[in-house]
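The values are calculated or read from the model by the stated rules, or taken from the named source; none is laboratory data. Keep in mind the model is a prediction, meaning the values are calculated, not measured. The accessibility values were calculated without ligands, DNA or RNA, using every heavy atom of the protein model including side chains. Shrake-Rupley method; radii C 1.70, N 1.55, O 1.52, S 1.80 Å.
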Amino acid sequence: MTEYETVWITATTAFRLKKARVDKGFSQSDLAQRVDASVNQIEHYERGEVDMPMDRLFDLARILDLPASDLLAE
């Protein structure tokens, strides 16, 4: 099994992810499809309940058309 770098999802990051998704007009299902994730994973990310693989963070940022740092900045 390959280990991946993960990003700790803070409450701020979770909030920014959800806000960016809503601002883009995507449902959780839309976003999940675009990043090849389950809706359940997106829900967990938006609640800050799980860490996220770094490559998933970059995929989400690309799809939401914003720099990944905008999701992480405190």
Open item on the list: Among (i) 4.1; (ii) 6.7; (iii) 4.5, only one was calculated for this model; which label is it, if the read-out is mean projected area of the Cα convex hull in nm²?
Closed with: (iii)
- [ ] Grab the DSSP H runs of the chain that are 4 residues or longer, score each as -39,500 (n - 2.57), total them, divide by all residues and round the 222 nm result to the nearest 500 deg cm²/dmol.
- [x] -17000 deg cm²/dmol
Task: Carbon plus sulfur fraction of accessible area for the chain, probe 1.4 Å, in percent - done: 50 percent
Open item on the list: Suppose all protein chains stay in the model; what accessible area per residue would a 1.4 Å probe give for the chain, in Å²?
Closed with: 64 Å²
Open item on the list: Please identify the DSSP H helices in the chain that span no less than 15 Å along the helix axis (Cα) and have a mean Kyte-Doolittle hydropathy of -1.0 or more.
Closed with: 11-24
